[in-house]
1. Is it true that some residue in the range 126-142 is among the aliphatic types (A, V, I, L, M) and under 30 Å from residue 22 (Cβ atoms)?
2. Residues that are free of Cβ contacts under 8 Å to residues at least 60 places away in the same chain, in a helix (DSSP H, G or I) and open to solvent by 70 Å² or more (accessible area, probe 1.4 Å): does the range 82-92 have at least one?
3. Taking the range 65-74, which residues are open to solvent by 40 Å² or more (accessible area, probe 1.4 Å) and out of contact with any Gly (no Cβ under 9 Å at 6 or more places or on another chain)?
4. From the list 115, 106, which residue is of a type outside the set (Phe, Trp, Tyr), free of Cβ contacts under 8 Å to residues at least 24 places away in the same chain and under 13 Å from residue 88 (Cα atoms)?
5. Here is a list: 49, 62. Which entry is surrounded by 12 or more Cβ atoms within 10 Å (Cβ to Cβ), at pLDDT 90 or above and aromatic (Phe, Trp, Tyr)?
6. Looking at 132, 55, 118, which one is among the small types (Gly, Ala, Ser), out of contact with any His (no Cβ under 7 Å at 6 or more places or on another chain), open to solvent by less than 10 Å² (accessible area, probe 1.4 Å) and not in a loop (DSSP other than H, G, I, E, B)?
7. Output the residues belonging to the range 5-52 that are within 30 Å of residue 74 (Cβ to Cβ) and assigned to a helix (DSSP H, G or I).
8. For the range 93-115, give me each residue that is small (Gly, Ala, Ser) and open to solvent by 10 Å² or more (accessible area, probe 1.4 Å).
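The values are calculated or read from the model by the stated rules, or taken from the named source; none is laboratory data. Just so it is clear, the model here is predicted, and its values are computed rather than measured. For neighbour counting, all protein chains shown are included, and Cβ atoms are generated from backbone atoms with ideal geometry for every residue, glycine included. When the accessible area is computed, the model is the full protein with side chains, heavy atoms only, and any ligands, DNA or RNA have been set aside. Shrake-Rupley method; radii C 1.70, N 1.55, O 1.52, S 1.80 Å.
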Amino acid sequence: MISTKVFSGSGLPFPRWLRGAGLLAGFFLLSDGLRRFLSGGGLSAFIPYLLVGSACVYVAGYDKKITLSDKGFVRQTLFWGRGRTEVLPWSEMEEMILMPAAKGTGVLFPMKNRGWRAFFPDATEADLRAAAAEFRPDLPVFTGTGPR
């Protein structure tokens, strides 16, 4: 059995502690709005709390995961475990553009009608070139975004 390295990253726009704080704030706003409604405040007092609280709870469940493996480039966008998974197989990639940085390597996958980008922390340019050579040896791999 050959073990291949899977490169993974996360597109989470804010840290986990902020996610938890958003969740708590959302539940607090929902419960306070419900309290106002039940104490005779009417719908006009409940609606703003319902909207803002629901938005906080919904956004707290957002997660974005990206991987580069033997399947190709996989991007998952999830809201509370449900969402969509998009796959760009190795066979459909036109080229890879690598942008090395101090804390990892950014990768661009340009396409005719769309382009995907990702950042893989702790992955070096050599690691990603080796993965491309293993899974699709004829794939053009460039460094940087300058003219080719």
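1. No, the range 126-142 contains no residue that is among the aliphatic types (A, V, I, L, M) and under 30 Å from residue 22 (Cβ atoms).
2. Checked against the condition, which is being free of Cβ contacts under 8 Å to residues at least 60 places away in the same chain, in a helix (DSSP H, G or I) and open to solvent by 70 Å² or more (accessible area, probe 1.4 Å), the range 82-92 yields at least one hit.
3. Selection gives 70, 71.
4. Working: 106 fails: under 13 Å from residue 88 (Cα atoms).
Of the residues listed, the single one that is of a type outside the set (Phe, Trp, Tyr), free of Cβ contacts under 8 Å to residues at least 24 places away in the same chain and under 13 Å from residue 88 (Cα atoms) is 115.
5. 49
6. On the way: 55 fails: open to solvent by less than 10 Å² (accessible area, probe 1.4 Å); 118 fails: open to solvent by less than 10 Å² (accessible area, probe 1.4 Å).
Exactly one of 132, 55, 118 is among the small types (Gly, Ala, Ser), out of contact with any His (no Cβ under 7 Å at 6 or more places or on another chain), open to solvent by less than 10 Å² (accessible area, probe 1.4 Å) and not in a loop (DSSP other than H, G, I, E, B), namely 132.
7. Filtering the range 5-52 for residues within 30 Å of residue 74 (Cβ to Cβ) gives 5-23, 26.
Residues satisfying the conditions are 16, 17, 18, 19, 20, 21, 22, 23, 26.
8. 101, 102, 115
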